[in-house]
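Engineer: Structure below; questions to follow.
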Amino acid sequence: MQAILNAITEELARLKADGEMTVPVSDATLDGLRAMVRSRGAVAQPAGAEGGAAGPIAVSPGAAVLSVAVAPVNPLRAEREAAAKGRMGVPVPAPVAAIPSLPPPPVVILPDGDKAARWAALTTLMREHPVCVARVRSGQKLVAGAGALDAKVFLVGDAPGEEEEAAGEPFAGPAGELLTKMLKGMGLSRETVHISYLVCWRPTVSAEAGADPSGSRPPSAEEIAFCRPFLQATLDIVRPELVVALGGTAAHGLLGASFTTLPEVRGRWLDFGGRPLLVTYHPNYLLRSASNRSKRAVWEDLLKVMERAGLPISERQRGFFL
């Protein structure tokens, strides 16, 4: 049960990092969560007065810390609240503790040669590194990144998911389809940018206490630190003009604990190792919040990327989602 609570906490952390403020759950699920917490000796606070919403669930010391307001599903109310608040100002958690422990990060030294030769050497190193091999599940693939090796724009996500580890390509699932459309709107394509991750394998839940080992979780701080030399080597090969962090977890991984909420850094040009970096929402945010307001917020960020990269912008493009 500890692993299940950990998995729930980690998924909530991922949602918060992408800008989610509420999590709709059914009454049955809510009752199950209360029962799990009570069985650990924790105290579930009574339901709130408004709409039967439950207060935060406080978990006793030694258990996973789960503190999030959950409420029965009320789609109309959720939609109104999301529209009013724009799902902004949500605290962005730092990456979770490492599971399991990793050795120190590798030292990456690439051979001389052109970009293609250096990229081939790097991807071989990643795919053959014993730590990476041990963490890529049987039958699945490591995701080294993809795109142009002379790209101006370099996009960074947090870690591969289920679709990505199966395909061995970044952003291969629904979020990837949306990212492709976003790039097309900018006059770009997946072949003209470079897309990478903080972590090159899919972080999964430990198979203990009945947890589903196929579940995903956000990458840990230790996983991000271990894979950082791979990401840095990729940047050294591509040498992009600018970097775009997709989502709160990616932003934390690149910038460190320099901010609390995503709006503090979203849409502003920051420095990342001498390169301009812009933070925007992960495509998953738009899949969950498909209002024109959310789309326009992300599109304004992408317009800034286009301007900084010297891409042409038509009046039609400037007016998207207004």
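The values are calculated or read from the model by the stated rules, or taken from the named source; none is laboratory data. Because the structure is a prediction, the values reported are computed rather than measured. As a convention, Cβ positions derive from the backbone with ideal geometry for all residues, glycine included, and neighbour counts pool all protein chains shown.
Engineer: Inside segment 218-315, counting only helices (runs of 4 or more DSSP H) that do not spill past its ends, which hold 3 or more residues that are farther than 25 Å from Leu149 by Cα?
Structural biologist: 283-288, 292-309
Engineer: Of all the residues that make up segment 243-269, how many are surrounded by fewer than 23 Cβ atoms within 10 Å (Cβ to Cβ) and either of a type in the set (Gly, Ala, Ser) or farther than 21 Å from Arg296 by Cα (or both)?
Structural biologist: 8
Engineer: Which condition does Val143 not pass, out of (1) modelled with pLDDT of 95 or more; (2) surrounded by fewer than 17 Cβ atoms within 10 Å (Cβ to Cβ); (3) of a type in the set (A, V, I, L, M, F, W, C), if it passes all the others?
Structural biologist: Tallying (1) modelled with pLDDT of 95 or more; (2) surrounded by fewer than 17 Cβ atoms within 10 Å (Cβ to Cβ); (3) of a type in the set (A, V, I, L, M, F, W, C), Val143 fails exactly one: (2).
Engineer: Next up: Glu177 versus (1) crowded, with 17+ Cβ neighbours inside 10 Å; (2) modelled with pLDDT of 95 or more; (3) not hydroxyl-bearing (Ser, Thr, Tyr): which is the lone unmet condition?
Structural biologist: (1)
Engineer: I would also like to ask the following. State which residue is farthest from Asp158 (Cα to Cα) when the search covers only segment 180-230 and only residues that are of a type in the set (Val, Ile, Thr) and at pLDDT 95 or above.
Structural biologist: Thr192
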